[in-house]
Structures are given as structure tokens and as C-alpha cells.
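The values are calculated or read from the model by the stated rules, or taken from the named source; none is laboratory data. On a predicted model such as this, the values are computed, not experimentally measured, just so you know. Here the Cβ is made from the backbone with ideal geometry for all residues, glycine too, and neighbour counts use every protein chain on show. Surface accessibility is based on the protein's heavy atoms, side chains included, excluding ligands, DNA and RNA. Shrake-Rupley method; radii C 1.70, N 1.55, O 1.52, S 1.80 Å.
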Amino acid sequence: MFVIALYNLKGGVGKTASCVNLSHLSATDGYRTLLWDLDPQGAASYYYKTQSKTKSSLKKLLDKDVSLDELMQLTEYEYLDVIPADKSARKLDILLDEQKGSKKQLKQLLKQAQGSYDFVFIDCPPGFSVLADNIFEAADAILMPTIPTTLSVRTYEIVKEYFEDKNLALEKMMCFFTMVDARKNLHIEVMNELHKDRRFFAKYIPYLSDVEKMGINQAPVTGFAPSGKAGKSYSDLWEEIKEGVL
């Protein structure tokens, strides 16, 4: 089982859209796939038409009143299950901080999925937190979508420094560009510069309206428009990611 976390220090970078599309592509390839929505906004859950049926499910999970399996929901896509977000996700940092060995709690919980799934995707809330530290510990790869702008580059550098300061495995940090406008010289210049760091995949996601239509269709763009430019871009990125992690 390989755990992939979609994370960024800041929001609005295409994190959730990427998590939804990549998990769908994983399932389409025949991999048993789980998406765990840990972002309190619950956008990934919405895209997959799922909703938590258990009140305070994360608290109950940490208290061992429910199992991970009890929180999983089927989607309309074969091989793809979702653990939807619920309101208790807003207090997850506090709940984790109350646990002994809090940085390993998420990793321990994910052991319950071992043998049932080939890939687990985690949609993470932005920011540094106890939850983020848990995710960094539990994930085999931290996929960081990055818009090629000056502020996003600064964010990338801050996250990299955080990994180094915390003695986290830097090789886990894998990045890709999103919302790219190839007509902008700044975007091209930033991409060329950051590719020198060898942490960015070559494939990227352009800024396209099809991605924005995910909310209208309540579906991944790789599901409702797989042959469109956005669908193909995610598919190309997924193929490169597989080469990098398998």
C-alpha cells in the first residue's frame, strides 16, 4: 500500500482537484484506491458525492469507537472508496495533540487499510500543524501542487526548509505545477528555474475551465472529460508519478 498526500502550505493551488483526479486515475488503472478527505472544507467528498454518516467520526476513530473500514464509502467508480470529511476535522489538531506519540497516530490508523488498498490518497488542509506532521510521517510521498508564481516559489522553499529542520525525508517531497499559463513569461521562467531543483515532475496541469467544471459535474475531470486537455494533462502527470513512486 502506497500513501500519497496532496499538500501545500497555502490554499487555492489546485490541491483538491489534483487529489480527486489522481485517485480516479489510480482506480481506472485497476488499483484498489482510497481517498481520505482530511480537509474540513470537504470538497473532495463533494466531488465524489459522499458525505460522512457518522457524527464526529474522526474523534471516534481516534478513540477506537469505530474502525477505518466503518468510515469508508463506495463511490460510483469501481475500485475507488472515500472516507468523507466531517466537522470534527476542524478539531483534528487538538484531538491528535491529546494523543501520546501524536506524530504517528495517522500512520497507525492507516495500518487498518493495509491489504485492502494499493493506493491511499489524502487530501490535506493547508498549513503547518500537528495534523501536517502526522501526514508527513504517514505518507510515502508528499505531492505538492505549485502555481509558478513568486509567492508559490516562496511557499515551496518554506516547506522544504521545514522538512530539513524537522529531519523529515526530503525525498518524499515531490512537486508538480498547476494552473500554468504558458503564455506568461513569468510562469515559464519560474518553471525552468525550479526544475533545476529536481523535485518537480515534467508534466504539469494548465489553467483550464474543465477543471473548474468539476463542481458542476460533481465528478473528476478525468471521468467526465477524459479526452479533453485537462483530462489528458492529469493522465500524463499520473503516468509520470507512477514511474517515480512504483
The extension gain from ASP69 to SER209, computed as 0.36 nm times the residue separation minus the Cα-Cα distance, is 46.8 nm
Rounded to two decimals, the Rg over Rh value of the stretch 108-161 from Cα coordinates and the Kirkwood Rh reads 1.04
For the stretch 131-246, what ratio Rg/Rh do Cα atoms give with a Kirkwood hydrodynamic radius?
0.99
Where a Cα-Cα gap under 19 Å defines reach, which lysines qualify for LYS160, not counting those fewer than 8 residues away within the same chain?
LYS10, LYS15, LYS103, LYS172, LYS196
Could you give the length gained by full extension between TYR162 and SER227, i.e. 0.36 nm per residue of separation minus their alpha carbon distance, to one decimal place?
19.6 nm
Do any GluC sites (Glu not before Pro) in the stretch 1-87 lie in a DSSP loop with no more than 13 other beta carbon atoms within 10 Å, and if so, which?
GLU76, GLU78
Sketch the reach of a paramagnetic label on LYS49 as a point 7 Å from Cα along Cα-to-Cβ, and name the residues of the stretch 81-96 whose backbone nitrogen lies under 18 Å away.
81-85
If you roll a 1.4 Å probe over the heavy atoms of the protein chains, what accessible area per residue do you get for the stretch 32-183, in Å²?
49 Å²
For the stretch 191-199, in residue order, the Karplus 3J(HN,Hα) values (coefficients 6.51, -1.76, 1.60; θ = phi - 60°; whole Hz; Gly and Pro = x) are 4, 4, 5, 6, 4, 5, 7, 6, 10
Candidate residues LYS166, LYS172, LYS10: accessible-area rank, largest first, probe 1.4 Å
LYS166, LYS10, LYS172
Give me the Debye-computed log₁₀ of I(q)/I(0) at q = 0.13 Å⁻¹ for the stretch 74-118, equal point scatterers on Cα only, no solvent, two decimals.
-0.42
Given the stretch 1-100, report the % of alpha carbon pairs whose separation exceeds 23 Å.
26 percent
Tell me the carbon and sulfur percent of the accessible area for the chain, rounded to whole percent, probe radius 1.4 Å.
47 percent
Count the net charge of all other residues whose Cβ sits under 14 Å from the Cβ of ASP210, scoring Lys and Arg as +1 and Asp and Glu as -1.
+2
